[in-house]
Amino acid sequence: MDQLSVDGASSMTEKKKKNYENLCPAVAMYGPCNVEDLEPGKTMKWCTCGLSKKQPWCDGAHKKTGFKSLKWKVPDHPQRIYSICNCKHTKNPPLCDATHVNLPAVVETRQKNCDSAHDEDMKLCTGCGWVPKW
């Protein structure tokens, strides 16, 4: 079974799940990132904010957004290719669950109806996932 953690905890607690449910990430890509040859047992840090330049993995771009990377242990019995979520809305992180299929309309509506002021100097609107000059 996959090993997930946030902030070093062995599993995501209900409180942390609730906090992440209130944050809206940027969509890095509407589709998975197919990754090959991951080392069994290695811990990877999956980007949860959508801002990383090293997708699907974290590069620390989430700082000061409220997001944290999600640690994922590559299974001891690996597969050749993993479909890693790049839309950041999967219900089975970090693996793709095809949420991206209907996501563009959801994101467009959420951003259109966002009450936050979107400023070119902000990194990410965590209310709707808007980023400047994306």
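The values are calculated or read from the model by the stated rules, or taken from the named source; none is laboratory data. No experiment lies behind these values; they were computed from the predicted model shown. All Cβ positions, even for glycine, are placed from backbone atoms using ideal geometry, and neighbour counts span all protein chains on display. Side chains included, ligands, DNA and RNA excluded: accessible areas come from the protein's heavy atoms. Shrake-Rupley method; radii C 1.70, N 1.55, O 1.52, S 1.80 Å.
Computed quantities for the displayed model
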read-out	value
Options 88, 123: the member that is touching a Gly at 6+ places or on another chain (Cβ under 7 Å), of a type in the set (Lys, Arg) and either within 18 Å of residue 22 (Cα to Cα) or modelled with pLDDT under 95 (or both)	88
Residues located in the stretch 96-134, provided they are free of Cβ contacts under 8 Å to residues at least 60 places away in the same chain, part of a loop (DSSP other than H, G, I, E, B) and open to solvent by 70 Å² or more (accessible area, probe 1.4 Å)	102, 113, 115, 117, 119, 120, 121, 133
Members of the stretch 27-37 that are at pLDDT 95 or above and in a loop (DSSP other than H, G, I, E, B)	27, 28, 29, 30, 31, 32
Test for residue 12: is it closer than 19 Å to residue 75 by Cβ, at pLDDT below 95 and surrounded by 11 or more Cβ atoms within 10 Å (Cβ to Cβ)	yes
Residues of the stretch 93-114 classified as in contact with a Ser or Thr (Cβ under 9 Å, 6 or more places away or on another chain) and not aliphatic (A, V, I, L, M), total	6
